[in-house]
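Enquirer: Okay, here's the structure, questions in a sec.
The values are calculated or read from the model by the stated rules, or taken from the named source; none is laboratory data. Predicted, not measured: the structure shown is a model, and the values here were computed from it. Cβ placement follows ideal geometry from the backbone for every residue including glycine, while neighbour counts extend to all protein chains displayed. The protein model used for the area step is the full one, side chains on, heavy atoms only, and it has no ligands, DNA or RNA in it. Shrake-Rupley method; radii C 1.70, N 1.55, O 1.52, S 1.80 Å.
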Amino acid sequence: MSTRIDRRFEAVKQQGRAALVTFVMGGDPDPETSLAIVKALPAAGADLIEIGMPFTDPMADGPAIQAAGLRALQAGQNMRKTLAMVRAFRETDADTPIILMGYYNPIYVYGVDAFLLDAKSAGVDGLIVVDLPPEEDSELCVPALTAGLNFIRLATPTTDEKRLPKVLTNTSGFVYYVSVTGITGSAIADYGKVGAAVARIKGHTHLPVAVGFGVKNADTAEIIARSADGVVVGTALVEAVRASLDASGKATAGTAEAVAAKVRDIASGVRRVAKAAA
Amino acid sequence: MSAPTLNSFRTGPDETGHFGMFGGRFVAETLMPLILSLEEAYEAAKVDPSFLKDMADYLAHYVGRPSPLYFAERLTEHCGGAKIYFKRDELNHTGAHKVNNVLGQILLARRMGKTRIIAETGAGQHGVATATLCARFGLQCVVYMGAVDVERQKPNVFRMKMLGAEVIPVQSGSKTLKDAMNEALRDWVTNVENTFYCIGTVAGPHPYPAMVRDFQCVIGREAREQMLEREGRLPNSLVAAIGGGSNAIGLFYPFLDDPGIEIYGVEAAGHGLSSGLHAASLTGGRPGVLHGNRTYLLMNDDGQIQDAHSISAGLDYPGIGPEHAWLHDVGRVNYISATDEEALNAFQLCSRLEGIIPALEPSHAIAKAVEIAPKKPKDHLMVVNLCGRGDKDIFTVAEHLGGME
């Protein structure tokens with residue numbers, strides 16, 4: 001069964017380029033501005049959208065995304081509002097895949113069955129849940145697949161040959177390769193290793209491989225686009241949100257445009273790389 | 001309390017790290033290979049005679065075990081009921097039970113060839129124990145501590161620095177123990193090659209809850225032997241304070257399958273359960289997933305973790321070890337709570353009647369022991385885990401009591 005995520009990766013491949021996957025925090029800096037940011041992403045060059053579900057204790061995130069989550073929570077964001085935002089986005093965009101990303105507890109407390117039902121009907125296409133490794137697949141991954149949502153798994157430099165097949169089982173949509181051992185916002189020490197890592201994963205799967213962590217601008221996006229099917233950017237975008245806020249931390253008239261400008265810049269780097277259209 | 005019906009309460013966790021529905025391995029993929037290799041190393045070590053011999057040797061000659069089982073005669077007279085004994089883990093080297101577990105983990109880290117140790121700490125006792133053993137074995141030591149706790153536990157911060165550890169004040173979130181644990185996990189995700197994460201309580205992803213419990217069980221095993229020697233029979237009740245729950249499970253576990261022994265775990269009720277400002281995860285929380293395991297947590301309706309409140313930095317955590325969550329649900333252990341005020345009163349009572357200044361953490365246990373003991377007959381034998389000494393708390397207590405005059 002082809003999903004919106006499958007179709008988008010296929011379409012981008014036909015265009016002979018890598019996909020740009022953009023992460024923003026749901027509700028950051030406030031629900032209304034956040035929706036405006038998300039609505040502006042596709043025109044700016046985003047091919048897929050990840051929306052963060054804010055959590056008080058994001059143990060794999062660096063300071064920038066931690067702060068974005070706290071801004072959203074302080075502005076009253078919760079799971080219902082995040083799902084409502086997806087629903088509102090879907091009213092004007094039927095094609096851009098939406099992936100919700102975050103931690104398990106807010107989903108667990110919402111109730112797995114209720115969450116999957118509501119997410120699916122809101123127009124969510126996939127889930128990335130950082131603290132659910134394959135060992136806990138029965139919690140959410142398997143029910144999500146049954147409900148018709150993609151479950152996108154993270155593979156990391158510590159995921160060795162022996163473990164990779166386990167990580168790829170039940171993974172669908174694409175594989176998210178975390179290019180560094182570290183938290184979000186960490187710098188890549190050696191971009192040269194990314195290509196080899198992507199090739200290693202592609203030896204085990206036909207799914208597209210998107211690479212995240214360490215993409216800060218057009219140049220770093222271009223480097224990643226040479227070896228990956230998708231380039232993920234997150235920290236640079238939430239930093240653009242932060243930099244656009246006024247002294248009291250509130251959104252300004254330029255907030256949504258600041259994020260769009262950053263996406264346009266990074267998209268230009270991604271699109272500099274011509275790939276063979278299959 | 002529902003009637004226990006299981007044949008044994010000591011079979012957990014299962015091979016996937018679950019105690020009933022609690023526990024598990026809810027960690028980022030980067031950490032999964034690390035906790036699997038830790039599990040493998042621990043399973044090998046715990047049946048290796050040379051590892052067990054090393055443990056026994058250091059416990060005897062470095063930690064100073066066995067700790068005494070002391071008859072608290074004047075406190076017993078004061079209560080006029082049960083005969084109260086203290087298991088005196090506050091006499092251990094570094095002043096608390098934390099060292100029992102740290103010794104085990106550091107010996108394990110050495111076997112695994114790890115050269116850098118990280119730890120989280122609340123009251124600072126686990127940090128001090130970790131810094132101590134890192135000094136003893138020449139290992140690099142980094143301790144994460146909430147900025148609020150750095151402020152209220154200054155003597156321990158100084159001790160860690162004297163021992164050569166780097167103490168990193170954590171400014172994120174509520175700046176207490178849970179945030180220190182987040183930051184330690186972030187460090188571990190970043191430094192996967194050389195770093196061993198020494199968790200201080202029976203929480204975190206499998207195998208930590210079981211491993212830390214095993215290392216702390218020396219408390220209960222000794223208490224059992226000592227009570228048989230002193231009184232010719234087992235105790236009738238056990239009382240211990242619970243933050244994450246490592247001292248409590250250490251005392252309780254060897255007695256879980258002895259029917260008829262009443263077991264009380266005392267959570268921190270802070271300003272009172274109805275105030276909302278407390279750290280009683282079992283009494284005031286519900287099941288959720290945080291820091292690698294499913295357990296009872298303090299949180300709001302959206303699954304956002306709420307700040308815990310306790311005068312005791314060591315109990316100021318919005319969760320509890322998963323095995324306690326399970327023992328609560330199956331009804332084998334009675335989980336009750338003591339407020340800041342009750343703990344402060346017990347702190348003073350114990351100091352004046354027994355000449356022992358307890359830490360604020362076991363003061364919560366003493367507070368409830370003093371309530372329960374008068375209702376029991378004089379032949380009722382009660383063991384209270386005196387898991388830490390109060391030197392670190394004298395400034396906090398002085399502040400609350402309005403000075404030392």
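Enquirer: Within the range B:224-253, count every residue that is surrounded by fewer than 24 Cβ atoms within 10 Å (Cβ to Cβ), in a helix (DSSP H, G or I), touching a residue at least 40 places away in the same chain (Cβ under 8 Å) and not charged (D, E, K, R).
Expert: Count: 3.
Enquirer: Follow-up. Search the range A:120-136 for residues being open to solvent by less than 20 Å² (accessible area, probe 1.4 Å) and either out of contact with any helix residue (DSSP H, G or I) (no Cβ under 6 Å at 6 or more places or on another chain) or modelled with pLDDT under 95 (or both), and hand back the single one that is farthest from residue A:170 (Cα to Cα).
Expert: Per the criteria, the residue is A:130.
Enquirer: Now, a different point. Working only within the range B:279-295, note down all residues that are surrounded by 24 or more Cβ atoms within 10 Å (Cβ to Cβ), in contact (Cβ under 8 Å) with a residue 60 or more places away in the chain and more than 19 Å from residue A:60 (Cβ to Cβ).
Expert: If the condition is that a residue be surrounded by 24 or more Cβ atoms within 10 Å (Cβ to Cβ), in contact (Cβ under 8 Å) with a residue 60 or more places away in the chain and more than 19 Å from residue A:60 (Cβ to Cβ), then B:295 is the only one that fits.
Enquirer: Restricting to the range B:203-223, name every residue that is outside any helix (DSSP H, G or I) and open to solvent by 10 Å² or more (accessible area, probe 1.4 Å).
Expert: Of everything in the range B:203-223, just one residue is outside any helix (DSSP H, G or I) and open to solvent by 10 Å² or more (accessible area, probe 1.4 Å), namely B:206.
Enquirer: Could I ask something else about it? Residues being assigned to a helix (DSSP H, G or I), hydrophobic (A, V, I, L, M, F, W, C) and crowded, with 24+ Cβ neighbours inside 10 Å: count how many of those fall in the range B:327-363.
Expert: Summing the residues that are assigned to a helix (DSSP H, G or I), hydrophobic (A, V, I, L, M, F, W, C) and crowded, with 24+ Cβ neighbours inside 10 Å in the range B:327-363 gives 6.
Enquirer: A follow-up question, please. Do any residues in the range A:154-165 that are more than 8 Å from chain B (Cβ to nearest Cβ) have Cβ atoms under 7 Å from those of residues that are surrounded by fewer than 18 Cβ atoms within 10 Å (Cβ to Cβ) and at pLDDT 90 or above, where the two are at least six apart or on different chains, and which pairs are they?
Expert: A:164/A:204; A:165/A:204
Enquirer: Is it the case that some residue within the range B:175-186 is touching a residue at least 40 places away in the same chain (Cβ under 8 Å), assigned to a helix (DSSP H, G or I), open to solvent by less than 10 Å² (accessible area, probe 1.4 Å) and among the basic types (Lys, Arg)?
Expert: Within the range B:175-186, one or more residues are touching a residue at least 40 places away in the same chain (Cβ under 8 Å), assigned to a helix (DSSP H, G or I), open to solvent by less than 10 Å² (accessible area, probe 1.4 Å) and among the basic types (Lys, Arg).
Enquirer: Continuing with this model, one more query. Would a scan of the range B:128-147 turn up a residue that is charged (D, E, K, R) and either buried (at least 24 other Cβ atoms within 10 Å of the Cβ) or under 20 Å from the mean Cα position of the chain (by Cα) (or both)?
Expert: There is no residue in the range B:128-147 that is charged (D, E, K, R) and either buried (at least 24 other Cβ atoms within 10 Å of the Cβ) or under 20 Å from the mean Cα position of the chain (by Cα) (or both).
Enquirer: For the condition crowded, with 22+ Cβ neighbours inside 10 Å and not hydroxyl-bearing (Ser, Thr, Tyr), what is the one hit in A:71, A:80, A:87?
Expert: A:71
Enquirer: So, one more: If residue B:308 satisfies every condition in (1) more than 14 Å from chain A (Cβ to nearest Cβ); (2) touching an Asp or Glu at 6+ places or on another chain (Cβ under 8 Å); (3) part of a loop (DSSP other than H, G, I, E, B); (4) not β-branched (Val, Ile, Thr) but one, which is the exception?
Expert: Evaluating residue B:308 over (1) more than 14 Å from chain A (Cβ to nearest Cβ); (2) touching an Asp or Glu at 6+ places or on another chain (Cβ under 8 Å); (3) part of a loop (DSSP other than H, G, I, E, B); (4) not β-branched (Val, Ile, Thr) leaves (1) as the failure.
Yes or no, residue by residue, for (1) part of a loop (DSSP other than H, G, I, E, B); (2) open to solvent by 10 Å² or more (accessible area, probe 1.4 Å); (3) hydroxyl-bearing (Ser, Thr, Tyr):
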site: B:52; (1), (2), (3): no, yes, no
site: B:56; (1), (2), (3): no, yes, no
site: B:61; (1), (2), (3): no, yes, no
site: B:66; (1), (2), (3): yes, yes, no
site: B:70; (1), (2), (3): no, yes, yes
site: B:78; (1), (2), (3): no, yes, no
site: B:81; (1), (2), (3): yes, no, no
site: B:101; (1), (2), (3): no, no, no
site: B:110; (1), (2), (3): no, yes, no
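Enquirer: Can you say whether residue A:57 is open to solvent by less than 40 Å² (accessible area, probe 1.4 Å) and at the interface with another protein chain (Cβ under 10 Å from one of its Cβ atoms), as far as the supplied structure shows?
Expert: yes
Enquirer: Let me ask something else about it. Please find, within the range A:229-263, the residue that is most open to solvent (accessible area, probe 1.4 Å) out of those that are of a type in the set (Lys, Arg) and part of a helix (DSSP H, G or I).
Expert: For the range A:229-263, the residue satisfying everything is A:242.
Enquirer: Starting from residues that are more than 8 Å from chain A (Cβ to nearest Cβ) and assigned to a loop (DSSP other than H, G, I, E, B), keep the ones in the range B:296-305 and report whichever is most open to solvent (accessible area, probe 1.4 Å).
Expert: Only one residue fits best here, namely B:300.
Enquirer: Another question, if that's okay. Identify, please: which residue in the range B:367-389 is in a helix (DSSP H, G or I) and in contact (Cβ under 8 Å) with a residue 60 or more places away in the chain and is, among those, nearest to residue B:337 (Cα to Cα)?
Expert: Filtering the range B:367-389 for residues that are in a helix (DSSP H, G or I) and in contact (Cβ under 8 Å) with a residue 60 or more places away in the chain, the one nearest to residue B:337 (Cα to Cα) comes out as B:368.
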